[in-house]
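Asks: Sharing a structure with you now.
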Amino acid sequence: MSKWKDRIGGKPLHPESLMMSYGYKPEWSEGAAKSPIFQTSTFVFPDAEAGAAFFEIATGKRDPGAGEPRGLIYSRLNNPDVEIAEDRLALWDGAEDCALFGSGMAAIATTLLAYLRPGDVVAVSHPLYGGTHHLTESVLPQFGIRPVTFGCACPEEEIEARLAAAGGRLGMVLVETPANPTNDLIDIACCARIAARHSTPEHKVLLAVDNTFLGPLFQRPLDHGADLVLYSATKYIGGHSDLIAGAVLGPASLVEPIRKFRTLLGTQTDPYTAWLLMRSLETLKVRMERQAASAGVVADYLAAHPKVERVNYLGRLSEGSPQHDLYRRQCLGSGAMISFEVKGGVEGAYRLLNALQLVKLAVSLGSTESLAEHPATMTHSEATAEENLAAGVTPGLVRLSVGLEHPDDLILDLGQALEKA
């Protein structure tokens, strides 16, 4: 049973209702309706015995007893704003635990380093966000951890064949679905089966899913066999282009080793960022639903435009195709991310991007304002041209994150820009 009031008359409350109060009691802060910012580095112990007990739990010497709280020690370990934001974010994915980080890459890197060891193999979906691609392809091999890559069209047997050819122990399966920037879907249940087949009583192979494009509203990886869910909380969760944060969610037994490694690396988020995330979580559902609705209108317009070769949008997948069938099984909505191929290659894409007036030419995504960028030379420039082409990241591909502007105005802007492309 939750330690917080999450039911009325025995009926569970919805996450969007709990975002206003869950994890916080006004009497803690002079009756303040909203949690204040606990902008402090250290916390005063009530007595020496309590301080010692807090450290016993924090250092893993013992588990907390029934009803025993984790005492506040130092904001690198824990902080009220961080803990409240973690409690609230966990509700959306139905996760038992959540740990917040200073960025999405901090969440991914800390998770991989907490569980992978030299000699391990990590199975990685492609395409990936450029930072994750660089980490798995260039950095982890320096520590004796080798990547084995696969795409959305790769059959389960082929993935197994690639793992067998690579040799070594499978340490983790890491997937990004939908893929950035192509919106390709990776079958989470398939990846969970692969992880289970390679698990032993002594070594559980974890499946970690980067859910940034659709989560936490339109996809729930834990429901499909994922062990951990990863986020760049900078994106939809933060949603206002004013913070950098990341998150990992899952069972407490799996998140706790990551949290301890976070303490050692110092990759935690700060109190003010956590407070901003609490603000953002209150409007998460209405923002994402409005953005998704507008994205459907914009995607239809782009698909009909003579200067657009193709549109990658989950709401326009062909009925009966493998990707559409997977979408129906795995996703709860289409989200607000679109990528589209402009005729004229990189020159055409640049002319379009340079002509935009309402949509901002910038990286990142999931914010209140619409953003467009050129993946091949910006967010995915870490990969080689050959790797990008093989993954569908072509010279004329533009990535568009649809914000909260009126869809008619976005179409007006895209239309005038496409004329110049």
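Asks: Quick check: is even one residue across the stretch 139-160 within 15 Å of the chain's Cα centre (by Cα), crowded, with 19+ Cβ neighbours inside 10 Å and at pLDDT 95 or above? Reasoning before the result, please.
Replies: Pass one, the stretch 139-160, residues within 15 Å of the chain's Cα centre (by Cα): none.
Taking every residue of the stretch 139-160 in turn, none turns out to be within 15 Å of the chain's Cα centre (by Cα), crowded, with 19+ Cβ neighbours inside 10 Å and at pLDDT 95 or above.
Asks: Now for a different question. Looking at A295, A247, which one is within 19 Å of the chain's Cα centre (by Cα) and either buried (at least 22 other Cβ atoms within 10 Å of the Cβ) or modelled with pLDDT of 95 or more (or both)? Quick ask: steps written out before the conclusion?
Replies: Values: A295 fails: within 19 Å of the chain's Cα centre (by Cα).
So the residue among A295, A247 that is within 19 Å of the chain's Cα centre (by Cα) and either buried (at least 22 other Cβ atoms within 10 Å of the Cβ) or modelled with pLDDT of 95 or more (or both) is A247.
This table checks each residue for (1) among the basic types (K, R); (2) outside any strand (DSSP E or B); (3) over 27 Å from L91 (Cα atoms).
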| site | (1), (2), (3) |
| --- | --- |
| L302 | no, yes, yes |
| V311 | no, no, yes |
| E319 | no, yes, yes |
| G348 | no, yes, yes |
| R351 | yes, yes, yes |
| V363 | no, yes, yes |
| E382 | no, yes, yes |
| N388 | no, yes, yes |
| V393 | no, yes, yes |
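Asks: Here are some conditions: (1) closer than 17 Å to T182 by Cβ; (2) in contact (Cβ under 8 Å) with a residue 60 or more places away in the chain; (3) surrounded by fewer than 16 Cβ atoms within 10 Å (Cβ to Cβ). A385 meets all but one. Which one does it not meet?
Replies: (2)
Asks: State whether the residues of the stretch 231-241 include one that is part of a strand (DSSP E or B) and in contact with a Pro (Cβ under 8 Å, 6 or more places away or on another chain).
Replies: Within the stretch 231-241 (the criterion being part of a strand (DSSP E or B) and in contact with a Pro (Cβ under 8 Å, 6 or more places away or on another chain)), the answer is yes, since at least one residue qualifies.
Asks: Which ranges mark the strands (runs of 3 or more DSSP E) fully within the stretch 71-171 that have 3 or more residues being free of Cβ contacts under 8 Å to residues at least 60 places away in the same chain and either assigned by TED's automatic domain parsing to the domain that holds L222 or closer than 18 Å to G246 by Cα (or both)?
Replies: Working: elements: 97-101, 120-125, 146-150.
It comes to 120-125, 146-150.
Asks: Now, a different point. Does the stretch 40-56 contain any residue that is at pLDDT 95 or above, among the small types (G, A, S), touching a strand residue (DSSP E or B) at 6+ places or on another chain (Cβ under 9 Å) and buried (at least 17 other Cβ atoms within 10 Å of the Cβ)?
Replies: Taking every residue of the stretch 40-56 in turn, none turns out to be at pLDDT 95 or above, among the small types (G, A, S), touching a strand residue (DSSP E or B) at 6+ places or on another chain (Cβ under 9 Å) and buried (at least 17 other Cβ atoms within 10 Å of the Cβ).
Asks: State whether the residues of the stretch 332-349 include one that is crowded, with 20+ Cβ neighbours inside 10 Å, within 24 Å of K285 (Cα to Cα), of a type outside the set (D, E, K, R) and free of Cβ contacts under 8 Å to residues at least 60 places away in the same chain.
Replies: no
The values are calculated or read from the model by the stated rules, or taken from the named source; none is laboratory data. Keep in mind it's a predicted model, so treat the numbers as computed, not measured. Please note: Cβ atoms are built from the backbone with ideal geometry, for glycine as well, and neighbour counts cover all protein chains shown.
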